[in-house]
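The values are calculated or read from the model by the stated rules, or taken from the named source; none is laboratory data. Keep in mind that what you see is a predicted model, and the values were worked out from it rather than measured. Cβ placement follows ideal geometry from the backbone for every residue including glycine, while neighbour counts extend to all protein chains displayed. These area figures cover heavy atoms from the full protein model, side chains too; ligands, DNA and RNA do not enter into them. Shrake-Rupley method; radii C 1.70, N 1.55, O 1.52, S 1.80 Å.
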Amino acid sequence: MLGITGQLALCGLMLLGLPGKSDAQPQSKAIIFAPEYIQFGFGGSFSKKNLPTGNPSLHLSYEGAQANYTQTIYLDENGEIKFFTVDNFVYNSDGYAIGSMGEGTTEVAVAPFGQDKYVLITSRPDGNKAYAKAYLLDFTQADEFFDNLNGKVTLLSDFPEIITPNTANGIELSYALVPAADGYALFINDTRTLYAYLVTENGIIHKSHAVISAQFQAGINANRTELEAVFTDNTFLVAGTLNATTDGTNMFIARFGLDLLRTGTTQTVNVPAPGSPGLTGVFTGLEFSRDKRVVHFITTLPPYLGYVTVQSGIGTYYNQDLTIPSGINYASFKN
């Protein structure tokens, strides 16, 4: 339900120091809690602001509703709202709707191309499965609802190769976006298979995919996944969760070359809860360290903070327990 934006919405990764995006401008970050958002400044400062609302008598508008499925906000280089989404609608900086991504959109990742074009990566459930779609938000075009507004949302690509496992609880896709030489590297995890794509403003190119775990089984947490990716030493490192396997593995670390083809052996990791052999809990967060040598994680049952060393694939818990959302409430806190 929370939406985070930075240079890359969803991942919060900076563009500096990554291939092909070295000229990027620093940008304010914000978290959206419709009908409000929090904008972060320097030195830990922040301010809470209201999302803009339009005049519904003039045009389809945002009127202050809370999000039921997802919400995202994107700020320009001056810290002003460029656009935001609440559920399936995309709104401009004045709160007027400029496009729709379809009913039931559950998460939005944003890949900017300049200041006028943005690729929006989304997914939605359909029965017990999930489907991903990509839309182009183009501010050089008139919007689909009202010709006097700039900003048009059009379907850019489906992802027909993604065939998610069929479970009674449904599936939630997770994404990771990293700047690449010709656009952005996009990784999608469906709890069983990891897919790699190149995102451009003209379309989505499927590069490769591989089964990460053949031991998938349906369960109450089968639809909950996390995914993070970074670029280091000419390699994309991708870490993801496996919350419903029969062999006890609950995390993987995969490597992809500049061509987005998988290299080496994908590590699968079993991180049992401390003092509880065989109990792994549910991962509710992943984050690479700044030096990209370890992946930090938070789990439930019980809630603990720990890390996996990238080189060895060995998981360790810090000697500290946490108060974090339970697995049952996890979906309400997912960014």
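Among the residues that make up region 322-332, is at least one of them modelled with pLDDT of 75 or more and open to solvent by less than 20 Å² (accessible area, probe 1.4 Å)? No: zero hits.
Looking only at residues in region 112-141 that are of a type in the set (Val, Ile, Thr) and crowded, with 21+ Cβ neighbours inside 10 Å, the one that is farthest from the chain's Cα centre (by Cα) is VAL119. For region 30-78, a residue qualifies if it is in contact (Cβ under 8 Å) with a residue 60 or more places away in the chain, farther than 21 Å from TYR118 by Cα and open to solvent by less than 60 Å² (accessible area, probe 1.4 Å), and the qualifying residues are HIS59, ALA67.
I'm trying to understand the selection: among the residues of region 67-108, which are among the hydroxyl-bearing types (Ser, Thr, Tyr) and either touching a strand residue (DSSP E or B) at 6+ places or on another chain (Cβ under 6 Å) or modelled with pLDDT of 95 or more (or both)? Once the filter is applied, which keeps residues that are among the hydroxyl-bearing types (Ser, Thr, Tyr) and either touching a strand residue (DSSP E or B) at 6+ places or on another chain (Cβ under 6 Å) or modelled with pLDDT of 95 or more (or both), region 67-108 yields THR70, THR72, TYR74, THR85, TYR91, SER93, TYR96, SER100, THR105, THR106. Residue count for region 47-71 satisfying the condition of being among the small types (Gly, Ala, Ser) and under 10 Å from PRO35 (Cβ atoms): 3. Exactly one residue among ALA185, ALA130 is modelled with pLDDT of 90 or more and within 27 Å of ARG262 (Cα to Cα), and that residue is ALA185. The residue of region 217-241 that is modelled with the highest pLDDT, among those that are hydroxyl-bearing (Ser, Thr, Tyr) and open to solvent by less than 20 Å² (accessible area, probe 1.4 Å), is THR241.
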